[in-house]
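The values are calculated or read from the model by the stated rules, or taken from the named source; none is laboratory data. Computed from a prediction, not measured in an experiment: that's the story for all the values here. Cβ placement follows ideal geometry from the backbone for every residue including glycine, while neighbour counts extend to all protein chains displayed. Just the protein is used for accessible areas: all its heavy atoms, side chains included, with ligands, DNA and RNA removed. Shrake-Rupley method; radii C 1.70, N 1.55, O 1.52, S 1.80 Å.
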Amino acid sequence: MGHGQEHRTRDDAQVEIQEKGEIFFFYKPKVNKEEVHSVDDVQRLYIVLRPESGERAVEEKQDPHSGKEGAKSESDEEQPHRNEGGQGSQKVNMEEEPLLRFIVMGRKKLPDPSKKSQSFWGFVELVTTKIEDVKNALKGEEYDTSSIGHRHVPPARAVGEGVYRILRHNPNNKMHTHLIYKLEFPQPKEEEEENEPQESLNIEREGSFLIQINNPSKATNSEFRGVRKKRKAVFPAHLQGQLGKNKYHPADPPDLLNYEGCELLLISASDDIDEELGLELETEGEADPSCSDLVRTFGDTASTTPLFKGIWA
């Protein structure tokens with residue numbers, strides 16, 4: 001599939017592409033739920049970003065030896081496996097090795113694009129150059145608790161695949177950043193039908209969200225509980241300095257998303273990228289499951305029934 005293409009549809013479009021790449025959506029069922037029949041049976045919504053290019057082919061990410069990248073932490077009853085934010089940094093050439101961000105949304109759906117300025121919190125749980133680390137995060141797991149006993153977490157299900165951009169938008173000299181995407185899979189159904197999982201999770205055919213990074217040195221709004229202090233991102237000095245005294249900052253540069261524990265806000269902006277930004281986003285692949293980069297990358301780790309058939313699994 002690749003990272004697709006974009007075309008300006010208005011001469012006055014005030015956008016600058018910072019990063020291009022592929023986006024994948026997954027959900028995990030609730031504990032001990034083998035089948036999902038509605039959003040009520042969903043425990044978590046995940047977003048995986050695989051940046052491939054943009055302003056630079058090389059991005060800065062946390063040093064894997066300074067945190068617990070790809071490793072499992074001690075378990076607890078509610079969230080049995082978590083990673084702590086890392087310190088230090090390294091350079092990653094995305095033309096030579098993959099860079100993967102595993103993002104957990106605080107709600108089990110995206111903000112509703114029909115409700116302007118609806119904001120949902122999320123955080124970067126994992127940043128890695130190893131595909132196997134993401135596969136492990138998507139797998140099912142078994143664990144025991146002292147109060148409830150044995151628990152089974154089913155593996156994730158793939159529910160969306162497409163291309164994305166992180167871009168600067170500068171209307172009236174008020175710069176902010178957007179995360180925009182367009183799906184390649186699932187393919188649209190007939191007008192009288194819908195892809196039920198995607199509709200329920202607010203994963204539209206295309207979407208635009210303002211994306212803001214929470215300053216880890218500032219208290220988070222009471223509306224968002226936030227990650228525990230010891231798990232918050234530790235940015236290198238030059239990135240932390242860009243955040244200044246602001247509680248939230250645009251995702252500029254996108255390197256801010258390359259540190260585990262980075263907290264973010266997605267704020268609904270539009271389900272029509274062209275109308276909002278004067279930009280048209282196109283996928284490159286054919287409408288054939290054999291062309292799926294999600295399947296080529298993650299194999300059979302996650303069920304693809306929702307991805308290709310648009311039904312719960």
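Entry remark, segment 87-103: residues being among the charged types (D, E, K, R), touching a residue at least 40 places away in the same chain (Cβ under 8 Å) and surrounded by fewer than 20 Cβ atoms within 10 Å (Cβ to Cβ) number 1 in total. Scanning for something assigned to a strand (DSSP E or B), touching a Pro at 6+ places or on another chain (Cβ under 8 Å) and within 27 Å of residue 229 (Cα to Cα), does segment 106-127 turn up at least one residue? Checked segment 106-127: at least one residue is assigned to a strand (DSSP E or B), touching a Pro at 6+ places or on another chain (Cβ under 8 Å) and within 27 Å of residue 229 (Cα to Cα). Within segment 277-294, the set of residues being open to solvent by 50 Å² or more (accessible area, probe 1.4 Å) and either touching a residue at least 40 places away in the same chain (Cβ under 8 Å) or not in a helix (DSSP H, G or I) (or both) comprises 280, 282, 284, 286, 287, 288, 289.
Filtered by the rule that a residue be in a loop (DSSP other than H, G, I, E, B), open to solvent by 30 Å² or more (accessible area, probe 1.4 Å) and within 17 Å of residue 124 (Cβ to Cβ), segment 233-249 gives a lone residue, 234.
Keeping to segment 295-312, report how many residues are in contact with a helix residue (DSSP H, G or I) (Cβ under 8 Å, 6 or more places away or on another chain) and surrounded by 15 or more Cβ atoms within 10 Å (Cβ to Cβ). Going through segment 295-312 one residue at a time, the tally reaches 11. Of the set (1) within 24 Å of residue 186 (Cα to Cα); (2) touching a strand residue (DSSP E or B) at 6+ places or on another chain (Cβ under 8 Å); (3) not in a loop (DSSP other than H, G, I, E, B), all apply to residue 135 but (2).
Is it fair to say residue 224 is modelled with pLDDT under 95, crowded, with 16+ Cβ neighbours inside 10 Å and of a type in the set (Phe, Trp, Tyr)?
Details: modelled with pLDDT under 95: yes; crowded, with 16+ Cβ neighbours inside 10 Å: yes; of a type in the set (Phe, Trp, Tyr): yes.
Yes: the conditions hold for residue 224.
Taking strands (runs of 3 or more DSSP E) that fall entirely within segment 1-65, which contain at least 3 residues that are open to solvent by less than 30 Å² (accessible area, probe 1.4 Å)? Reasoning before the result, please.
Numbers: elements: 5-8, 15-29, 42-54, 58-62.
Passing ranges, in order: 15-29, 42-54, 58-62.
For residue 213, the conditions (1) assigned to a strand (DSSP E or B); (2) surrounded by 24 or more Cβ atoms within 10 Å (Cβ to Cβ); (3) more than 17 Å from the chain's Cα centre (by Cα) are fulfilled apart from (3).
Right, residue 273: over 25 Å from residue 59 (Cα atoms) and β-branched (Val, Ile, Thr) or not? Break it down into steps so the answer makes sense when it comes.
On the way: over 25 Å from residue 59 (Cα atoms): yes; β-branched (Val, Ile, Thr): yes.
So residue 273 passes the test.
The residue list 237, 302, 287 contains one member that is of a type in the set (Gly, Ala, Ser) and modelled with pLDDT of 95 or more, which is 302.
Which residues, counting only those in segment 6-54, are of a type in the set (Lys, Arg) and within 27 Å of residue 258 (Cβ to Cβ)? If the condition is that a residue be of a type in the set (Lys, Arg) and within 27 Å of residue 258 (Cβ to Cβ), then 20, 28, 44, 50 are the ones that fit. Selection of first residues in segment 42-56 that are within 10 Å of residue 20 (Cα to Cα) and of second residues that are surrounded by 18 or more Cβ atoms within 10 Å (Cβ to Cβ) and basic (Lys, Arg), restricted to Cβ pairs under 9 Å at least 6 apart or on distinct chains, gives the following pairs, ordered by first then second residue: 49/101; 50/101; 51/20; 51/101; 52/20; 53/20; 54/20; 54/165.
Given 91, 68, 116, 33, which one is under 29 Å from residue 273 (Cβ atoms), modelled with pLDDT under 95, over 17 Å from the mean Cα position of the chain (by Cα) and among the charged types (D, E, K, R)?
Details: 91 fails: under 29 Å from residue 273 (Cβ atoms); 68 fails: under 29 Å from residue 273 (Cβ atoms); 33 fails: under 29 Å from residue 273 (Cβ atoms).
From the options 91, 68, 116, 33, the qualifying one is 116.
Listed by position, the strands (runs of 3 or more DSSP E) contained in segment 146-197 that have at least 2 residues being within 19 Å of residue 101 (Cβ to Cβ) and open to solvent by less than 10 Å² (accessible area, probe 1.4 Å) are 157-169, 176-185. Selection of first residues in segment 144-168 that are touching a residue at least 60 places away in the same chain (Cβ under 8 Å) and of second residues that are exposed (fewer than 13 other Cβ atoms within 10 Å of the Cβ) and not in a loop (DSSP other than H, G, I, E, B), restricted to Cβ pairs under 9 Å at least 6 apart or on distinct chains, gives the following pairs, ordered by first then second residue: 151/142; 151/144; 152/142; 153/142; 163/5; 163/282.
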